[in-house]
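The values are calculated or read from the model by the stated rules, or taken from the named source; none is laboratory data. Quantities reported herein were computed from a predicted structural model and do not represent experimental measurements. Cβ placement follows ideal geometry from the backbone for every residue including glycine, while neighbour counts extend to all protein chains displayed. Accessible surface is based on the protein model in full, side chains and every heavy atom, while ligands, DNA and RNA are left aside. Shrake-Rupley method; radii C 1.70, N 1.55, O 1.52, S 1.80 Å.
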Amino acid sequence: MHYVSEILPSLLSGAWMTIKIFFWTLIASIPLGILASLGLTSRIAPLRWILKFYVWLMRGTPLLLQLIFVFYGLPIIGVIFQRYDAALFAFILNYTAYFAEIFRGGFQAIDQGQYESARVLRLTRAQTLRKIVIPQVVKIVVPSIGNETINLIKDSSLVYVIGLGDLLRAGNVATARDVTLLPLVLVGVIYLLMTAVATFVLRKVEQHYRSWR
Amino acid sequence: MLELKNIKKQFGGRTILDNFNMQVPDGQITAIVGPSGAGKTTLLRCISGLEKTNSGSFILDGKTFDPANNRDNDNVIGVVFQDFQLFPNLTVLDNITLAPQLVLKQSKAEAEKRAQELIDQLNLTGKESLYPYQLSGGQKQRVAIVRALAINPKILCYDEPTSALDPDLRQTVESIILSLKQDNMTQIVVTHDMQFAENIADQIVRVEPIKA
């Protein structure tokens, strides 16, 4: 017990890094994903091609590789990120691609008649999206977004590769130093707690959207 | 009065409407009939601005206007779709008051007061806070009619208003359309149901398929 309280502060400070990356990635990549999905279904062909290429690139290569390229590769062409910024940049870029595909599916599930119905009521395109289409899309995509959200908590452990001190790294350091697996057990428990909170919040969101069909 | 002059509409080389002329007198009910595939619905979609015509003109009260490019809120044409297309994420009341608030810039109270009058008139009292999935087909249709009326249209169009309903509800639709006529509403009804058209219409316009 004494040992636990000794290593807990370092684990918690690692967990804080995990939470920060998780939170900011989610906050940025969901709206960006919506925008990108609108581009993926746009009538402007070059925009569609560029976004399709982007999604293919982001989903087609490991996130680990993308992290390495952002932090070690981009400085070669003069773009230098701090470790933390590099991690956020890579995560947002990667997760936006996944979210874009999820939202694209959601948008395509909306009946064309909904747009027409809004149009004869003289709603603008922005009003139609905001009041009618996006709420329906969100309801459709919440379960898939939930999946990605849970994945993101665990994916955030990849930041060790560019030397950021997250939860898993903190556990690794303690394990190597003290020759015991206990820190990694604690790491597992903390991840479980974080995913439990995320699961709970996601369930609340799903319940909120259950009042209509 | 709405006048259609020499309307031509093509879809990918196929001509649906050619040199089509029609007059829709104020306060009357005009039924558009014809076999399926003749272009009845296409005609309605052109009038309501959902399709662009290839040529021809629309004249409303002596002035030409383009329904497909019509942001002028004085020349509103309301539409009741065959499958109603209510917004599933909004309650009955919100379905009805959304456009009056966003488009006509009415206050919430104003929009709700007007909506309530129409709700009572079309026998939907008590359904205000329900969502569309909780309504029967006939109720959904009446909500769709109220929603279209709430933006004060000059003309109200119906696409096949009897086709999604049980046969015994046909009577109800008839009486709604006729009661709106009493209120001087100009109405255009697309239907394949000749009996229904004869029961309600002042004028029956036939659309025939164009032979290639």
Cα gyration tensor, chain A - rounded (a/c under 1.5), prolate or oblate: oblate
Cα lying deepest toward the dipole's positive end in segment A:9-110, options A:L12, A:N94, A:G60, charges on Cβ: A:G60
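To the nearest 100 Å², how much accessible surface do chains B and A hide from each other in total, with a 1.4 Å probe?
Answer for the B-A pair: about 2300 Å² buried.
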Sequence of B:D193, B:D18 from largest to smallest accessible area, 1.4 Å probe: B:D18, B:D193
Per-residue mean of C-beta atoms belonging to partner chains within 10 Å, peptide B:166-176: 0
Too-long pairs where the Cα-Cα distance tops 18 Å, listed order kept, from B:K63/B:K154; B:K9/B:K52; B:K5/B:K181: B:K5/B:K181
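Could you state the accessible area per residue of the protein assembly as shown in Å², with a 1.4 Å probe and every protein chain left in place?
Accessible area per residue: 49 Å².
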Other-chain or far-sequence residues with amide H under 5 Å of B:T15's (modelled H): none
For B:V205, residues with placed amide H under 5 Å, excluding near neighbours: B:A31, B:I32, B:V33
Positive dipole terminus of segment B:1-53, leading residue within B:S36, B:M1, B:N21 (C-beta point charges): B:S36
Residue of B:V92, B:V146, B:V103 that the Gaussian network model of chain B assigns the largest fluctuation, springs spanning Cα pairs under 10 Å: B:V103
Net charge dipole size for segment B:89-152 [Lys, Arg +1 and Asp, Glu -1 on Cβ; Debye, nearest 20]: 120
Per-residue ³J(HN,Hα) for segment A:91-103, Karplus 6.51 cos²θ - 1.76 cosθ + 1.60, θ = phi - 60°, Hz, x for Gly and Pro: 5, 5, 4, 5, 5, 4, 5, 5, 5, 4, 5, 5, 5
Share of carbon and sulfur in the accessible heavy-atom surface of segment A:159-204 [1.4 Å probe, %]: 74
Tensor-based shape of segment B:150-212 (alpha-carbon gyration tensor, a/c under 1.5 rounded, otherwise prolate or oblate): oblate
Residues with amide H under 5 Å from that of B:I188, placed H, sequence gap 5 or more: B:T30, B:L156, B:C157, B:Y158
Average partner coverage of B:97-104, which counts Cβ from other chains inside 10 Å: 4
Average partner coverage of A:121-134, which counts Cβ from other chains inside 10 Å: 4
Lysines with Cα under 19 Å of A:K20, excluding same-chain neighbours fewer than 8 positions away: A:K154
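Taking the Cα centre of segment B:126-212 as origin, sum charge times position over the Cβ atoms of Lys and Arg (+1) and Asp and Glu (-1), and report the length of that vector in debye to the nearest 20.
Charge dipole, segment B:126-212, about its Cα centre: 280 debye, nearest 20.
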Size of electric dipole in segment A:2-211: Cβ of Lys, Arg +1 and of Asp, Glu -1, about Cα centre, debye, nearest 20: 860
For segment A:19-77 versus segment A:112-146, the gap between their alpha-carbon centres in whole angstrom: 24
Partners for B:K113 among aspartates and glutamates (Cα-Cα distance below 17 Å; same-chain residues under 8 apart left out): B:D94, B:E128
Normalised contact order of chain B, rounded percent, pairs of Cα under 8 Å and 6 or more residues apart: 33
Centre separation in Å (Cα based) which lies between segment A:150-173 and segment B:146-212: 64
Hits among lysines - C-alpha to C-alpha of B:K108 under 22 Å, sequence gap 8 or more where chains match: A:K131, B:K127
Accessible area of segment B:89-152 belonging to carbon and sulfur atoms, whole % at 1.4 Å probe: 47
In order through segment A:170-182: 3J(HN,Hα) via Karplus (6.51 cos²θ - 1.76 cosθ + 1.60), integer Hz, x for Gly, Pro: 4, x, 4, 4, 5, 4, 5, 6, 9, 6, 8, 7, 3
Per-residue ³J(HN,Hα) for segment A:6-15, Karplus 6.51 cos²θ - 1.76 cosθ + 1.60, θ = phi - 60°, Hz, x for Gly and Pro: 6, 8, 4, x, 5, 5, 5, 5, x, 4
Among A:I34, B:V143, A:P143 - extreme Cα towards positive end, dipole of the protein assembly as shown, charges at beta-carbon: A:I34
